[in-house]
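K.L.:
Handing you this structure, nothing more for now.
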Amino acid sequence: MITDNQTNLLFLSEILAERERFLSQLIEILDHQKIKYKFLPLTNDIWAVDYMPIQTGKEKFIQFKYEPDYLQNDEFISTKTDTKFVTKAIGLNTIDSRIIIDGGNVIKGKDWVILTDKIFEENPELGKNNLISELEKLFEVKVIIIPQEPNDFTGHADGIVRYYDQDTVLINRYKRNDKKDFQKKLINELKNQGLGTIDIPYNPYDNADYDMADGLYINYLQMENFILLPTFDKKEDEEAYRQFQQLFPGQTIETIDSRDISRDGGVLNCITWNIRVDENAR
């Protein structure tokens with residue numbers, strides 16, 4: 001399984017150009033750090049990780065069915081990207097799956113993937129055991145299921161947990177009395193799967209509503225020897241930056257004010273699709 005820290009080419013939706021100030025700052029950072037990036041054509045929203053395929057090997061890309069329940073209404077259906085047009089436009093061959101999954105709900109480790117139990121709601125006709133079996137055949141690694149966070153309309157795992165190393169994941173530092181049942185289930189499931197945890201700053205508590213992603217530092221961008229950490233003009237910004245310096249010694253860590261996108265429910269992992277390619281293919 002190719003993990004984020006092995007990727008060396010970044011894709012962004014061309015629609016991100018509508019967030020002119022944010023995109024300008026992002027490109028300045030990417031150019032300064034010599035991060036290779038391209039733009040995805042024919043997209044209908046900025047959340048690239050959700051509709052693009054999952055890379056599991058050098059030439060293996062799995063395209064899951066992109067039919068999120070939160071877009072199935074008159075207000076948002078026009079923002080749903082048709083992945084067939086995008087992958088064809090960039091010349092990418094994929095393995096198509098009948099399973100409904102958003103890319104933001106797939107956290108890749110070396111020998112495992114983590115998804116929330118939202119997948120069972122999205123694919124009820126497959127049955128839980130059959131669904132897990134089919135996913136493990138596609139991913140060729142163990143599938144770990146965690147509970148989805150209450151009040152998160154997407155049900156994605158990338159707002160809850162991220163890969164750190166084979167035996168450890170990063171999680172949000174929830175307040176002790178915040179979503180106590182969810183926290184207990186999350187920790188127990190990770191522990192049962194042999195995974196230790198490191199908690200990082202988390203503060204959405206003063207957001208205007210649950211749809212805002214301000215304070216979700218866990219939704220950072222990670223590539224080969226590079227991490228881009230979101231900031232939100234919160235007191236935790238500096239704490240998160242210092243902790244990431246300690247967690248990822250020798251790697252370049254940059255920050256970017258992400259409030260222009262977080263107000264709409266996502267942060268840096270949400271807007272990026274990063275893959276591993278041969279050097280001459282970049």
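K.L.:
Can you figure out the FRET efficiency of Glu28 with Asn192, using R₀ = 51 Å and their beta-carbon distance, to the nearest 0.05?
P.N.:
Calculated value: 0.70.
K.L.:
Moving to a separate point now. Suppose R0 equals 30 Å; then what is the FRET efficiency for Asp278 and Lys185 from their Cβ-Cβ distance, rounded to the nearest 0.05? Present the calculation step by step, with values, prior to reporting the outcome.
P.N.:
On the way: r = 41 Å, r/R0 = 1.38.
E(calc), rounded to 0.05, equals 0.15.
K.L.:
Could I ask something else about it? Mind giving me the nanometre distance, one decimal, between the label points for Asp264 and Asn73, set 7 Å out from Cα along Cα→Cβ?
P.N.:
1.8 nm
K.L.:
Checking the a/c ratio against 1.5 first, then a/b against b/c, what shape does the Cα gyration tensor give for segment 153-282?
P.N.:
Working: a/c = 1.56, a/b = 1.18, b/c = 1.32.
Cα axes put segment 153-282 in the oblate bin.
K.L.:
Now a separate question. Using Cα pairs under 8 angstrom and six or more residues apart, how large is the relative contact order of the chain, in percent?
P.N.:
About 22 percent, as a whole number.
K.L.:
I would also like to ask the following. Can you tell me which of 118-130, 100-112 comes out highest on packing, and rank the rest after it, using the mean Cβ neighbours within 10 Å?
P.N.:
Values: 118-130: 14.8, 100-112: 20.8.
With the highest mean Cβ count within 10 Å placed first, the list reads 100-112, 118-130.
K.L.:
Give the peptides 10-19, 246-255 in descending order of average Cβ contacts within 10 Å, highest first. Each step should come with its number before you reach the end.
P.N.:
Values: 10-19: 18.2, 246-255: 13.4.
Per-residue mean Cβ counts within 10 Å order the peptides as 10-19, 246-255.
K.L.:
Same structure again: List the trypsin sites (Lys or Arg not before Pro) within segment 183-280 that fall in a DSSP loop (any state other than H, G, I, E or B) and whose Cβ has at most 10 other Cβ atoms within 10 Å. Walk me through the intermediate numbers first.
P.N.:
Details: sites: Lys184, Lys185, Lys191, Lys234, Lys235, Arg242, Arg259, Arg263, Arg276; in loops: Lys234, Lys235, Arg263, Arg276.
When the trypsin sites (Lys or Arg not before Pro) of segment 183-280 are filtered for loop state and at most 10 Cβ neighbours within 10 Å, Lys235 remain.
K.L.:
What number, rounded to the nearest 500 deg cm²/dmol, is the helix-based mean residue ellipticity at 222 nm of the chain, given -39500 (n - 2.57) per DSSP H run of at least four residues and division by all its residues?
P.N.:
Working: 9 runs with 74 residues, N = 282.
Result for the chain, helices only: -7000 deg cm²/dmol.
K.L.:
Who wins for biggest fluctuation among Ile27, Ile146, Ile218 in a Gaussian network model of the chain, springs between alpha carbons below 10 Å?
P.N.:
Ile27
K.L.:
Show the residues, 5+ positions off or on another chain, whose built amide H is closer than 5 Å to the amide H of Tyr217.
P.N.:
When sequence neighbours closer than 5 places are left aside, the close amide H contacts are Asn203.
K.L.:
Between Glu125 and Thr168, what FRET efficiency follows from the Cβ-Cβ distance if R0 is 45 Å, with the result rounded to 0.05?
P.N.:
Working: r = 35 Å, r/R0 = 0.78.
E between Glu125 and Thr168, to the nearest 0.05, is 0.80.
K.L.:
Looking at Ile171, Asn129, Asn105, which one has the Cα that reaches farthest to the positive end of the dipole of segment 96-192 (charges on Cβ: Lys, Arg +1; Asp, Glu -1)?
P.N.:
Farthest towards the positive pole: Ile171.
K.L.:
Treating each Cα of segment 8-67 as an identical point scatterer and ignoring solvent, apply the Debye formula and state log10 I(q)/I(0) at q = 0.17 Å⁻¹.
P.N.:
-0.67
K.L.:
Considering every pair of different Cα atoms, what Kirkwood radius, in Å, is found for the chain?
P.N.:
19.1 Å
K.L.:
Would you grab the residues whose amide H sits under 5 Å from the one on Ile95? Only those 5+ places off in sequence or on another chain, please, with H modelled 1.01 Å from N.
P.N.:
Placed amide hydrogens put Phe61, Ile62, Gln63 under 5 Å from Ile95.
K.L.:
Scan around Asn274 for amide H atoms under 5 Å from its own, H built in the peptide plane at 1.01 Å from N, and keep only partners 5 or more places away or cross-chain.
P.N.:
For Asn274, the qualifying residues are Phe11.
K.L.:
How would you order 53-61, 206-214 from highest to lowest mean count of nearby Cβ atoms within 10 Å?
P.N.:
Values: 53-61: 17.0, 206-214: 14.8.
Peptide ranking by packing, descending: 53-61, 206-214.
K.L.:
Mind jotting down the distance between the C-alpha centroids of segment 10-75 and segment 113-163, whole Å?
P.N.:
21 Å
K.L.:
Moving on to the next point. From the Cα trace of segment 102-208, what convex hull volume per residue do you get, rounded to a whole Å³? Could the numbers behind the result be given before it?
P.N.:
On the way: hull volume 11.2 nm³, N = 107.
Each residue corresponds to 105 Å³ of Cα convex hull volume.
K.L.:
Distance in nm between label sites at Asp257 and Glu238, each 7 Å beyond Cα in the beta-carbon direction?
P.N.:
Each label point lies 7 Å from its Cα, and together they span 1.7 nm.
Read the figures in this text as sums done on the coordinates, not as results from a lab. These figures come from a predicted structure and were not determined experimentally. Note that we place each Cβ from the backbone using ideal geometry, even for glycine, and neighbour counts take in every protein chain shown.
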